[in-house]
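Participant: To start, I am sharing the structure in question, which I have written as structure tokens.
The values are calculated or read from the model by the stated rules, or taken from the named source; none is laboratory data. As the structure is a computational prediction, the values presented were derived from the model and not from experiment. So basically every Cβ, Gly included, is an ideal-geometry build from the backbone, and we count neighbours across all protein chains shown. Ligands, DNA and RNA are excluded from the accessible area calculation, which covers all protein heavy atoms including side chains. Shrake-Rupley method; radii C 1.70, N 1.55, O 1.52, S 1.80 Å.
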Amino acid sequence: MPSEVLSYPEEYDLVVHQGRGLGQLFETKARQSLDSVAVIDGDITLTYEELHLQALQISQELFKNNLQIEEPVGIILQHGWADVVAQMAIIYAGGSCAPMDPTLPDVQIEGRLDKLGARYVLVDRANMSREIHFQQINLEDYPIWTPEDAWEAEKDLPVTTSLEHRTHLIHTSGTTSEPKAVQIAARSVLQVVYHAPFEPVDSTDTVAHVNNTSFDVSLFDIWVPLLRGARIAVLSKVILLDLPAMAAAIKENAITIMATTTALLNLAASTYPRAFSQLKICFIGGEAANVAAIEKIMQQGPPQNLINAYGPTECCIFCLAHKVTSEDVQSGSVSVGKPIGRTVARICDETGAPVSDGEEGELWIGGAGVSPGYVNRPEKNESAFVYLPNEKKTQRFYRTGDRVKRRPDGQIDYVGRQDHQVKVRGYRIELEAVETAMLQTGQFSEAVALKVEAGGDAGSILVAFAVATSTKPRAMVSAIDSLRNTLPDYMVPQIELISKMPLNSHAKIDRKYLVNLYRERWASSNTLSTKQINTGSTLQQLASLWVNILGLSYLPQDPDTDFFKLGATSLQASLLISQIRKNLGADVSLLTLYDHSNLGDLASTIEKSQDRIAETVRHEENTWIEDTHIADDLAPPSGPAIDWRRDTEGRVFFTGGTGFVGAFLLADLLRTHEVHQVGCLVRAANPTIGLERIKQAMGKYGQWKERFVDKLLVLCGTLEDVYLGLGYERFHEIASWSSVIFHLGARVNYTQPYSLHRPANVIGTRNILRLACAGGRTKAVHYVSSISCFGPTGFVTGTKLITEDEPLLKHVKSLAYDHGYAQSQWVAETLLRRVMDRNFPIAIYRPGFITGHSKTGACNPDDFFSRLIHSCAEMGCYPLLPNQRKEFVPVDYVNATILHIASSASSSLGHAYHIVPPSRNSSIDMNETMDLVGIASGITIKGVPYQEWIDILAEKSPARLQPLQPMLAEKAHQGLTRWELYENMPVYDTTNTDRMLDTLEGGLEFPVLDRGLMDKYVSYLSGF
């Protein structure tokens, strides 16, 4: 055998010289190792001979149906032994494997295979009933052949192929584009087979098959062991999530090598650091290495070799690798290593010229691992697969889009993606995240997001130029709806359609041209709109206002055009209300705008409402009460709630991590010893973007620590989706995984009606209850609400005292005079109360108005109180509101209370807890609060009657309060505004909270809002 006399590089060179394809290489290995075990999958074992015969049998079916060389064949299978048989059979028949993720919807699988031109799919019984139109071959219908059966096989099998044979088609969306089919050649697979860093696999090894076959790393799991005479041991996803069980499986199957993700290593570090200790080699990759997690693994149970590997799908599995050392941990940085095998790595500037060591540049990869390209994407191939400038076209490179720099010793450090980040309306936005989300709607073939200064009232706006895949009118509406489900409102762009993207002299998208194009369009439409504001019909005048406020590059004419689906924000809604009153003489409320947001309806409503008082209140009590029953169908829990702080538990499902309170509570949980991992639901297109959103939210208040990454599980989803946007399988996996649920996620907008809050806040709460009930484990739900769920009940119902566990029904009449958020909180809480009466383990927390941290002063600059401080200081006055308290409570006090109660015995469940100042003396009213603001700011702020303050507000219109102006000015009840109705607030009883805090060793001191604390708040807010 060559391996007995040749070194590995020499053996590789010999195999390359012989030029035989993967099928012939495996057949030779199988004949040399007939009785050796090839695959272990639980109770199923296949020898090399059995695998060869089974693949031969299936390949014959494909061969009989005239399968063409490199013809794509779909693979839709549950993870297991069948993965191996399917790939070998397709390669034997001369085809190309096109593995599909079985969790994808049928329509996506069908679309991908249609684009590839596939005719056949290999399935198992679990996937044979899918609604796809391809001819199916069920692997489980074919018993394993005997050697005698093989005489019936075609003599031309395996089909003779070369190392240029396209063996696989792997779909990848990366971080910047729609899913693409990456072609993998046999030579690329062979490169990794013989250069598996840093110790080649031999016949004594067992390689774990843990990766989904729709990912290129699974090629390592399957082809490296089979072409080296080793064995494959299949590990299920369930075992992977249970780290002690995974460690036991590694030992039981004598697994020596595993290629897994950085995320799994992070999980092991926080829950079971010895999980990989029995491995000879453990490869990690897929995202930046987490030094804190690696340090814990290295200290408590490292594998013999821990390899940080790097490789985009376009370069086949691994192209760079680095053996992690204790020196890496000490330095706090783990490189992605050096090129493996015959890989060439160049670091280039924008022109393709090499940069010096230590300088950042884009990583270009060349060598045998580089893909032949994407299927049917010539333009993308031309830009992604290139040759070095000024050199003969002898070596082709893949431009990775990753920014890196090379150390003096040749090690390469990953820096990040070549992203674009901007700030629009105070929000920091990753333009790449917007582009990715747009492409994922399926409505655009290309998209470029930009920040544009449009002028007029629009100011800075987020614009995305896109090439549409459909000309149907509903396509744009569908795309915007999809974007609103995956992005925060401030990241939904104003979309401009173009026929194709303009390119500059470097053959790159010309972003400057697009910015100028938008400005030209806007200037043209704004000139026309200015003429029409006072001369056209009501509809034309309204459309002109939209142009000016939204920065539109065209004058809307379609009566069905929707104001909010054009990307309007709450601030722009407020501006529109003001402009309608000024230019059209109509008193239109925000409630009316949300109900009649399309151009024609709003114009008609304006005409009807001129010289009439606007409707500002809607009595929807029957709707709210009806919505409180939507969880009545949930079956009661089968047993008591899990003690989530036990050493075998500690897995928290968390919502609201990108909000103000959530950012602090998430940090507290991640710092808690008993918490092993926090799965954080975040609205994002992918986990990378989700993690960045969490980092930004926590970093904004000084709460983010890099060590948190090894405890953090990013779960991309939405509250309003029935499976929380996770999909059926993942939803139930997380339900089984979770020990407890902290539910803080909610839509909070003081200007929007109940109907817009209902999906996230009411439907979302029901979906959280479904998660708590699923998975065969009863999880407690800790729900964070607020005292706003009672509305202005003191004024409306005359209530003087509210106890914590009293029914909410008697307060429902007051909710009509509050905002949609408060109404949704009343519904959600009443819904929870109904299931609590059926023994669902739930605790409800009702804080007062949550202010900044009592030690650091870190506040939410976008909440009402912070906006009020800024604006009143700017105006020089504040509204006199006697006997009105906001029940201010610092965020650290709120979270300390919640965590103590949630960590206490199960007796804490089944109750509500008011978290407000412990006495009337420690709760100052609004007039005292604003006096403190004046003192802390060093300026005079005088108190004036409320209506006078509203008049000054309308005149000076401070930017910070513009989005809330209609809410502050609209009369809601008996000639009073919503804010005025909160005078004479009731006392919020704290018996339950006091009882629980009495058990806290050392007690919990309440930080009163005094001069010292206000100084901290004002100082912090001065930076915004």
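Participant: Hey, can you grab everything whose amide H is under 5 Å from the amide H of ALA780? Only 5+ residues off in sequence or another chain; H modelled, so Pro and N-termini drop out.
Facilitator: ILE642, ILE741
Participant: Efficiency by 1/(1 + (r/R0)^6): what FRET value for ASP114 and LYS855, r their Cβ-Cβ distance, R0 = 45 Å, to the nearest 0.05?
Facilitator: 0.15
Participant: Could you compute how fast the stretch 263-398 diffuses translationally, taking Rh as the Kirkwood radius over C-alpha pairs and applying Stokes-Einstein at 10 °C with viscosity 1.306 mPa s? Give it in µm² per second.
Facilitator: 96 µm²/s
Participant: Pop out the ³J(HN,Hα) list for the stretch 350-363 in order, Karplus 6.51 cos²θ - 1.76 cosθ + 1.60 with θ = phi - 60°, rounded to Hz; leave Gly and Pro as x.
Facilitator: Calculated HN-Hα couplings, in order: 5, 8, x, 7, x, 9, 6, 4, x, 9, 6, x, 8, 7 Hz.
Participant: Now for a separate question. Can you pull the three principal axis extents for the Cα set of the stretch 618-740, in Å, largest first?
Facilitator: For the stretch 618-740, the Cα spread along each principal axis is 48, 39, 25 Å.
Participant: Near ARG730, within a Cβ-to-Cβ distance under 15 Å, what is the net charge of the other residues, with Lys and Arg +1 and Asp and Glu -1?
Facilitator: -1
Participant: I would also like to ask the following. 7 Å from Cα along Cα→Cβ at both LYS64 and ASP562: what's the point-to-point distance in nm?
Facilitator: 5.4 nm
Participant: With everything on Cα atoms, drop me the angle between helix 660-671 and the longest principal axis of the chain, reported from 0 to 90° to the nearest 10.
Facilitator: So the helix axis and the longest Cα principal axis differ by about 50 degrees.
Participant: What does the extension gain come out to for THR999 and ARG407, with contour length at 0.36 nm per residue minus their alpha carbon separation?
Facilitator: 207.6 nm
Participant: What shape does the stretch 738-892 have by the C-alpha gyration tensor, where a ≥ b ≥ c are the square roots of the eigenvalues, rounded means a/c under 1.5, and otherwise prolate means a/b greater than b/c and oblate the rest?
Facilitator: Judged from the Cα gyration tensor, the stretch 738-892 comes out prolate (a/c at least 1.5, a/b above b/c).
Participant: Once you keep just the Cα pairs under 8 angstrom separated by 6 or more residues, what percentage relative contact order results for the chain?
Facilitator: 7 percent
Participant: Related question: Based solely on its DSSP helices, what 222 nm [θ] is calculated for the chain when runs of n ≥ 4 H residues each add -39,500 (n - 2.57) and the sum is averaged over all residues, nearest 500 deg cm²/dmol?
Facilitator: -11000 deg cm²/dmol
Participant: Also, quick follow-up: Peptides 930-938, 29-37: what's the order by average Cβ count within 10 Å, highest mean first?
Facilitator: Packing proxy ranking, top to bottom: 930-938, 29-37.
Participant: Place +1 on the Cβ of every Lys and Arg and -1 on the Cβ of every Asp and Glu in the stretch 713-768, take the dipole about the Cα centre, and give the residue among VAL722, TRP737, TYR754 whose Cα lies farthest towards its positive end.
Facilitator: Of VAL722, TRP737, TYR754, it is TYR754.
Participant: Going by average Cβ density within 10 Å per residue, which order do the peptides 79-86, 188-195, 403-410 take, highest to lowest?
Facilitator: Packing order, densest peptide first, comes out as 188-195, 79-86, 403-410.
Participant: Expressed as cubic angstrom per residue, what is the convex hull volume of the alpha carbon set of the stretch 828-895?
Facilitator: It comes to 135 Å³ per residue, whole-number rounded.
Participant: Something else: Rounded to the nearest 20 Debye, what is the dipole magnitude of the chain about its Cα centre when Lys and Arg each give +1 and Asp and Glu each give -1 at the C-beta?
Facilitator: 1860 debye
Participant: Tell me the Kirkwood hydrodynamic radius of the chain in angstroms, computed as one over the mean inverse distance between distinct C-alpha pairs.
Facilitator: Across the chain, the inverse of the average 1/r is 31.5 Å.
Participant: Toward the positive end of the charge dipole of the chain, about the Cα centre and with charges on Cβ (Lys, Arg +1; Asp, Glu -1), which of ALA972, GLY662, THR486 goes farthest?
Facilitator: ALA972
Participant: If the rule is a partner Cβ under 4.7 Å, which cysteines in the chain fail it?
Facilitator: Cys with no partner Cβ under 4.7 Å: CYS97, CYS282, CYS316, CYS348, CYS680, CYS716, CYS773, CYS789, CYS859, CYS872, CYS877.
Participant: So, with a 1.4 angstrom probe, what is the percent of accessible area on the stretch 8-196 that is carbon and sulfur?
Facilitator: The C+S portion of the solvent-accessible surface of the stretch 8-196 is 48 percent.
Participant: Is the shape of the stretch 94-225 rounded, prolate or oblate, going by the alpha carbon gyration tensor and its root eigenvalues a ≥ b ≥ c, with a/c under 1.5 for rounded and a/b larger than b/c for prolate?
Facilitator: It comes out oblate by the Cα gyration axes.
Participant: For the stretch 1-80, what does the alpha-carbon gyration tensor say about shape, rounded, prolate or oblate, given a ≥ b ≥ c as the root eigenvalues, a/c under 1.5 as rounded, and a/b over b/c as prolate?
Facilitator: Cα axes put the stretch 1-80 in the oblate bin.
Participant: If I ignore ligands, DNA and RNA and count only protein heavy atoms, how much of THR261 is accessible to a 1.4 Å probe, in Å² to the nearest 10?
Facilitator: Rounded to the nearest 10, the figure is 60 Å².
Participant: Another question, then. In whole angstrom, how far apart do the alpha carbon centroids of the stretch 242-264 and the stretch 801-868 sit?
Facilitator: A separation of 45 Å, based on Cα centres.
Participant: Looking at the stretch 8-196 from every direction and averaging, what is the projected area of its Cα convex hull in nm²?
Facilitator: For the stretch 8-196, the mean projected area of the Cα convex hull comes to 11.7 nm².
Participant: Which peptide among 999-1006, 888-895 comes first, and what is the full order, when sorted by highest mean count of other Cβ atoms within 10 Å?
Facilitator: Packing proxy ranking, top to bottom: 888-895, 999-1006.
Participant: Using the Cβ atoms and a cut-off under 12 Å, what net charge is assigned to the surroundings of ASN761, where Lys and Arg are +1 and Asp and Glu are -1?
Facilitator: 0
Participant: Rolling a 1.4 angstrom probe over the protein chains, ignoring ligands and nucleic acids, what is the accessible area of GLU11 in square angstrom, nearest 10?
Facilitator: 20 Å²
Participant: Okay, moving on. Which one, HIS870, LEU265, GLY764, projects farthest toward the positive side of the charge dipole computed for the chain from Cβ point charges (K/R +1, D/E -1)?
Facilitator: Looking along the dipole axis, the top candidate is HIS870.
Participant: What does the net charge come to around LEU932 if you take all other residues with beta carbon closer than 13 Å to its beta carbon, with K and R at +1 and D and E at -1?
Facilitator: -2
Participant: Continuing with this model, one more query. For the stretch 651-1018, what is Rg from Cα atoms divided by 2.2 N^0.38 Å, rounded to two decimals?
Facilitator: In units of the globular-protein estimate, the stretch 651-1018 measures up at 0.98.
Participant: Something else: Probe radius 1.4 Å, ligands and nucleic acids left out: which of VAL740, VAL217 has the largest accessible area, and how do the rest follow?
Facilitator: I get VAL217, VAL740, largest accessible area first.
Participant: Moving on to the next point. Evaluate the relative contact order of the stretch 764-881 (contact order divided by residue number), counting alpha-carbon pairs under 8 angstrom at least 6 apart; express in whole percent.
Facilitator: Computed value for the stretch 764-881: 28 percent relative contact order.
Participant: Report the charge-dipole magnitude of the stretch 3-145 in Debye, nearest 20, computed about the Cα centre from +1 at each Lys and Arg Cβ and -1 at each Asp and Glu Cβ.
Facilitator: It works out to roughly 400 debye.
Participant: Kindly sort THR803, THR561 by accessible area of their heavy atoms, largest first, with the probe set to 1.4 Å.
Facilitator: Listed by decreasing accessible area, they come as THR803, THR561.
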